[in-house]
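Here the structure comes first, spelled out in structure tokens, and everything after it is commentary.
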Amino acid sequence: MTLNVSPLTLGTSPLGRGTEPGSPEEDAAVRFAEQLFDSSHAFIDTSNNYAGGRSEAVLGRAIARKGTDAATRVISKVDCDPETGAFDRDRVLRSFEETTARLGVERLPLLHLHDPYTVTFDEAIGRGGAVEGLIELRESGRVDAIGVAAGPVGMMARYVETGVFDAVLIHNRFTVVDHSAAPVFADAHERGMTVFNAAPFGAGILATGTREGAMYGYRPATPELQEWVSRLERVAASFGVSLPAVALHFSLRSPLIDSTVVGISSAQRLAQLDELAATPIPDEVWAELEALGPAPSPVDDSAYA
């Protein structure tokens, strides 16, 4: 099943963080969420555990103001029990009920299995496992499609190969720095799945550029990576474009990717994202990028092998 997505999906992991129900801070977050729904982008991405559930709660208040169209534009994810780590069929159903209660909706267009790190693959796909719960929700019509969303490519490849999912989301592993998700995305694409590529800026250095303390994939950028990115910055500047524009368009231009997920924390960031998406990138940039050779990505998925 291929969803009718737009090139960009707006991520909301920080939305509502640190706010209390009914507070002025929450009201400001709700107004910002309304701006997300007013954008031209088809879907807003959230999760049961984002900001301890506050992301969904804020989106729910915005949906109440915006109406039925907004209610059809939220993608969410089921998460393990935050206290026990339990992630079985029953937890999936509870997570879904928590999500729909916060959002004020009865169904979702897409629901992902999110970060299934507290269970083994065999436990997740086995009888009474998390995947059984997702399939049950899809078969009952409470969700239109189910997906799997995480990072480690070896693990994600196994979930894609089951053939039960309609969508896949991988973060930080299909960027100008790290191409390791490409084979998984290619397999998913061949299967007719909707492919989401999240974190095209590597959650750091590809948005900020080289600087002390720069990060990539939630890890410190090594001196070798800083040097490689510095060379890419010079390439981008020589063609009159920015590093973030090149990083974003690497994902947008790929035939493997249906939608690129970018976290948005403010109206200013949303405007910046739209500006980057509208920036033309000369074809010569991609040849120069290829000439730089592989980047020394600090991402290490060996713990999930």
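Each row is one residue, and each column tells you yes or no for (1) within 28 Å of LEU256 (Cβ to Cβ); (2) of a type outside the set (Asp, Glu).
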position	(1), (2)
SER13	yes, yes
GLY16	no, yes
GLU20	no, no
PRO24	no, yes
VAL30	no, yes
ASP45	yes, no
VAL74	yes, yes
GLY85	no, yes
GLU98	no, no
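For the stretch 222-261, filtered to residues that are under 16 Å from the mean Cα position of the chain (by Cα) and among the β-branched types (Val, Ile, Thr), the residue that is surrounded by the most Cβ atoms within 10 Å (Cβ to Cβ) is THR260. Only residues that are aliphatic (A, V, I, L, M) and closer than 15 Å to LEU206 by Cβ: list them for the stretch 279-305, please. Result: ILE281, VAL285, LEU289, LEU292, ALA295, VAL299.
Would you be able to tell me the number of residues in the stretch 252-305 that are of a type in the set (Gly, Ala, Ser), in a helix (DSSP H, G or I) and closer than 24 Å to ILE75 by Cα? Before you say what the answer is, go through the steps one by one.
As a first pass, look at the stretch 252-305 and keep what is of a type in the set (Gly, Ala, Ser): 254, 259, 263, 265-267, 271, 277-278, 287, 291, 293, 295, 297, 302-303, 305.
After this cut, where a residue has to be in a helix (DSSP H, G or I) as well, the list is 267, 271, 277, 287, 291, 302-303.
Next cut, closer than 24 Å to ILE75 by Cα only: 267, 271, 277.
Matching residues across the stretch 252-305 total 3.
The helices (runs of 4 or more DSSP H) located wholly in the stretch 116-203 that include 1 or more residues which are of a type in the set (Val, Ile, Thr) and touching a residue at least 60 places away in the same chain (Cβ under 8 Å) occupy 153-161. Under the condition of being free of Cβ contacts under 8 Å to residues at least 60 places away in the same chain and not hydrophobic (A, V, I, L, M, F, W, C), the residues counted in the stretch 6-35 number 14.
For the stretch 237-251, the set of residues classified as in a helix (DSSP H, G or I), under 22 Å from ALA198 (Cβ atoms) and either in contact with a helix residue (DSSP H, G or I) (Cβ under 6 Å, 6 or more places away or on another chain) or not aromatic (Phe, Trp, Tyr) (or both) consists of LEU243, PRO244, ALA245, VAL246, ALA247, LEU248, HIS249, SER251, listed by residue number. For the stretch 102-113, the condition holds for at least one residue, the condition being that it is closer than 22 Å to GLY133 by Cβ and in a helix (DSSP H, G or I). Scanning the stretch 87-104 for residues that are buried (at least 20 other Cβ atoms within 10 Å of the Cβ) and hydrophobic (A, V, I, L, M, F, W, C) gives PHE87, VAL92, PHE96, LEU103.
Which one is farthest from SER47 (Cα to Cα), of the residues in the stretch 195-221 that are among the polar types (S, T, N, Q) and either surrounded by fewer than 21 Cβ atoms within 10 Å (Cβ to Cβ) or over 21 Å from the mean Cα position of the chain (by Cα) (or both)?
Initial filter on the stretch 195-221 (among the polar types (S, T, N, Q)): 197, 208, 210.
Among the residues that remain, those that are also either surrounded by fewer than 21 Cβ atoms within 10 Å (Cβ to Cβ) or over 21 Å from the mean Cα position of the chain (by Cα) (or both) are: 208, 210.
Working: THR208: 25, THR210: 30 Å.
Among those that are among the polar types (S, T, N, Q) and either surrounded by fewer than 21 Cβ atoms within 10 Å (Cβ to Cβ) or over 21 Å from the mean Cα position of the chain (by Cα) (or both), it is THR210.
Give me the residue from the stretch 2-14 that is at pLDDT below 95 and of a type outside the set (S, T, N, Q) and, out of that set, nearest to SER251 (Cα to Cα). Filtering the stretch 2-14 for residues that are at pLDDT below 95 and of a type outside the set (S, T, N, Q), the one nearest to SER251 (Cα to Cα) comes out as LEU3.
Is there a residue being closer than 29 Å to ALA28 by Cα and of a type in the set (Gly, Ala, Ser) anywhere in the stretch 169-189? No.
Considering each of GLU136, GLU106, GLU190 in turn, give the residue that is out of contact with any strand residue (DSSP E or B) (no Cβ under 9 Å at 6 or more places or on another chain), of a type in the set (D, E, K, R), within 30 Å of TRP286 (Cβ to Cβ) and at pLDDT 95 or above. If you could, list the steps in order and put the result at the bottom.
Numbers: GLU136 fails: within 30 Å of TRP286 (Cβ to Cβ); GLU106 fails: within 30 Å of TRP286 (Cβ to Cβ).
The conditions single out GLU190.
Every residue, every condition in (1) surrounded by 15 or more Cβ atoms within 10 Å (Cβ to Cβ); (2) over 27 Å from ALA303 (Cβ atoms); (3) within 22 Å of the chain's Cα centre (by Cα); (4) among the basic types (Lys, Arg), yes or no:
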site	(1), (2), (3), (4)
ALA28	no, yes, no, no
ASP45	yes, no, yes, no
ASN48	yes, no, yes, no
GLY60	yes, yes, yes, no
GLY67	no, yes, no, no
ASP79	yes, no, yes, no
GLU83	no, no, no, no
LEU111	yes, no, yes, no
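The values are calculated or read from the model by the stated rules, or taken from the named source; none is laboratory data. Keep in mind it's a predicted model, so treat the numbers as computed, not measured. Heads up, the Cβs are rebuilt from the backbone with ideal geometry, glycines too, and the neighbour counts pull from every protein chain shown.
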